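Encoded as structure tokens, the structure appears first; notes follow it.
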């Protein structure tokens, strides 16, 4: 699942995800009819619209193959949010089945494929934004495990790691003042340790706080975790 | 901007002084909470889950447990009352005071009394009421109301309080916290002695023994019962736990979760009125169980919120609460728990508070710290759905209409066309897009470059090579 944001704005993140999974021996299919997971409408309270979009996803992703998404929040929408939105619907079993085989990218690599060491090389200092939709999932641990094993990479701790960046989908436009204050704090905490790279596992968060960094002229490089994994493989001559 | 949400306006307009008091207070308590739980438990989440299960079980069998509690309390010599709503609850308190010929009341902290506006009612009926929790006392003299469940005056600072004390004739201006506390203490001591009736809330009620567990840091609930003949405990029906045994779980969690204390300073267990051999204590004990729409909440799909033990951990960790403060929520219960509970308890006034569930980025920090593991984000989402379906109040203010977007996203051909057309975005100054959401976005952030379809093209070539 590409995610709508990667489809529209972040082609290289989707490409990196494919390259990383192919390096691990996966055969990737890209169902042509995919659009979005429905999360913007779900979070906005428009569950009828969210169901419409999710039903389209049901048609686009038939079968029983694992669905891998380079976004913790889209993955959580499919395996958690969708169950709420379909609670009283007759196609709840299909939605459950879809959720049951949907994985966040790094969770899939570590817990789906059993990879616990990453043979990459990246001489850099990095701070990581623990996107909120990874909470309660296996992804944060999976990401820490892989990052820690990359040769030359130093992950710098940040303050207030549990605090949200202030994106929250339509929250960011409906509550611009609160969202801005939250974003500024997050940018400060992520850049204070002077990293070479600010990384995240969700382009939603990155679009928001990255857009704030651009507006403020903060030039620290931003990378999705898939790009970190892919680039480190390239540096190590593995791909 | 016309489309701004009320909480966003409140956050924008908050003075730096109050913002910092809220923010620093909340952050500090969050950090203490984390330290206290991590230090003492190998897996604090297991304890939270256990507590959540106990509360959920109690709620699902609330009818049985209420009957048990009533019987136990009566056995202990207490008189039990049930109040269906706020009006009834207030009347019961007044009737009890009149029955015993009471004129003045000292009371300890109780959010339920805030919820039903008990003070105003009793004062209008000629009774004197004094809040004895220091924070609540300060709110009372300032005619203010709590901005936090546990630390009600987190929005105030000592300079303001010193001015209030000076105004009330409690001494010359002095903003030394110890002096302020000593002055309040001296003033309140006489009030304890003069009062006829002491009113408390209840943190937990054991259905099996009828024992009421009360936690305070100031010991004021004990003082409220020390020198008068009548004790009234006013209790929300959701405060029950099955038996004394479960209190161990909750007393260990409530202090750690709320303030990072291993145990709240005073833990009081009230078994009933003074018994024959007991030299001191109230001769009469009245327990009022208040529903006030809790049964409706229990029947709704948000019933998990009734597990709440009012520790305030979700407020402290919430980034929206930290930025906007408790008063922004325009209701007795602020923060994440309030954003769920307040609209539900509002009954047919739901539309007035239907915007509260929107005031969250759904980050889930509240769920992560909740001592009874309430899935607050899920409940916020359910209420957003309800508000949208019922077209309630200002809930949708500032949220773009996603109907057309949903059509686009459920028609793959249209979606792909849009991916191509979107490129025009790169040729116009995006600051000029005349859509309120786009303008709101652009005011703080730059939009990334549109590259719709680029990945699909790459993938196609990549596969064919």
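Residues in region A:192-206 that are out of contact with any strand residue (DSSP E or B) (no Cβ under 7 Å at 6 or more places or on another chain) and either surrounded by fewer than 22 Cβ atoms within 10 Å (Cβ to Cβ) or more than 30 Å from residue A:103 (Cα to Cα) (or both): A:192, A:194. Counting only helices (runs of 4 or more DSSP H) that sit wholly inside region A:1-54, those with at least 3 residues that are at the interface with chain B (Cβ under 9 Å from one of its Cβ atoms) and closer than 29 Å to residue B:378 by Cβ are A:4-8, A:39-44.
Only helices (runs of 4 or more DSSP H) whose full extent lies in region B:321-410 are considered here, and the ones with at least 2 residues that are more than 13 Å from the chain's Cα centre (by Cα) are B:350-353, B:365-369, B:376-389, B:403-409.
Can you pull out every residue in region B:1-49 that is more than 9 Å from chain A (Cβ to nearest Cβ), surrounded by 14 or more Cβ atoms within 10 Å (Cβ to Cβ), over 21 Å from the mean Cα position of the chain (by Cα) and not in a helix (DSSP H, G or I)? Scanning region B:1-49 gives a single hit, B:41. So for region B:189-204 (the condition being without any contact (Cβ under 8 Å) to a residue 40 or more places away in the chain, surrounded by fewer than 22 Cβ atoms within 10 Å (Cβ to Cβ) and over 25 Å from residue B:288 (Cα atoms)), does at least one residue qualify? Within region B:189-204, one or more residues are without any contact (Cβ under 8 Å) to a residue 40 or more places away in the chain, surrounded by fewer than 22 Cβ atoms within 10 Å (Cβ to Cβ) and over 25 Å from residue B:288 (Cα atoms).
Give region B:274-290 a look and list any residue that's buried (at least 20 other Cβ atoms within 10 Å of the Cβ) and over 23 Å from residue B:133 (Cβ atoms), or say none. So that I can check it myself, show each step before the final result.
Filtering region B:274-290 down to residues buried (at least 20 other Cβ atoms within 10 Å of the Cβ) leaves B:282, B:285-290.
Of everything in region B:274-290, nothing turns out to be buried (at least 20 other Cβ atoms within 10 Å of the Cβ) and over 23 Å from residue B:133 (Cβ atoms).
Counting only helices (runs of 4 or more DSSP H) wholly contained in region B:93-188, the ones carrying 1 or more residues that are buried (at least 17 other Cβ atoms within 10 Å of the Cβ) and under 19 Å from the mean Cα position of the chain (by Cα) occupy B:111-115, B:118-124, B:134-142. Of the residues B:72, B:89, B:83, which is touching a helix residue (DSSP H, G or I) at 6+ places or on another chain (Cβ under 7 Å) and at pLDDT 95 or above? None of the other options fit; the residue is B:83.
Applying the selection to region B:237-267, what residues are over 17 Å from residue B:208 (Cα atoms) and assigned to a strand (DSSP E or B)? B:266, B:267, listed by residue number.
Let's see how each residue does on (1) more than 9 Å from chain A (Cβ to nearest Cβ); (2) under 29 Å from residue B:55 (Cβ atoms); (3) out of contact with any strand residue (DSSP E or B) (no Cβ under 9 Å at 6 or more places or on another chain); (4) at pLDDT 95 or above:
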{"residue": "B:356", "(1), (2), (3), (4)": "yes, yes, yes, yes"}
{"residue": "B:371", "(1), (2), (3), (4)": "yes, yes, yes, yes"}
{"residue": "B:379", "(1), (2), (3), (4)": "yes, yes, yes, yes"}
{"residue": "B:385", "(1), (2), (3), (4)": "no, yes, yes, yes"}
{"residue": "B:389", "(1), (2), (3), (4)": "no, yes, yes, yes"}
{"residue": "B:393", "(1), (2), (3), (4)": "yes, no, yes, no"}
{"residue": "B:427", "(1), (2), (3), (4)": "yes, no, yes, no"}
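Sort out which residues of region B:431-450 are under 40 Å from the mean Cα position of the chain (by Cα) and either modelled with pLDDT of 90 or more or facing another protein chain (nearest Cβ under 7 Å) (or both), and write them in order of number. Residues satisfying the conditions are B:437, B:440, B:441, B:443, B:444, B:445, B:446, B:447, B:448.
Out of B:79, B:90, B:107, I need the residue that is without any contact (Cβ under 8 Å) to a residue 60 or more places away in the chain and in the same structural domain as residue B:260 (by TED's automatic domain parsing). Which one?
Numbers: B:79 fails: without any contact (Cβ under 8 Å) to a residue 60 or more places away in the chain; B:107 fails: without any contact (Cβ under 8 Å) to a residue 60 or more places away in the chain.
Of the residues listed, the single one that is without any contact (Cβ under 8 Å) to a residue 60 or more places away in the chain and in the same structural domain as residue B:260 (by TED's automatic domain parsing) is B:90.
Does residue B:453 meet the test of being at the interface with chain A (Cβ under 8 Å from one of its Cβ atoms) and modelled with pLDDT under 95?
Working: at the interface with chain A (Cβ under 8 Å from one of its Cβ atoms): yes; modelled with pLDDT under 95: yes.
Yes, satisfied.
The values are calculated or read from the model by the stated rules, or taken from the named source; none is laboratory data. Quantities reported herein were computed from a predicted structural model and do not represent experimental measurements. All Cβ positions, even for glycine, are placed from backbone atoms using ideal geometry, and neighbour counts span all protein chains on display.
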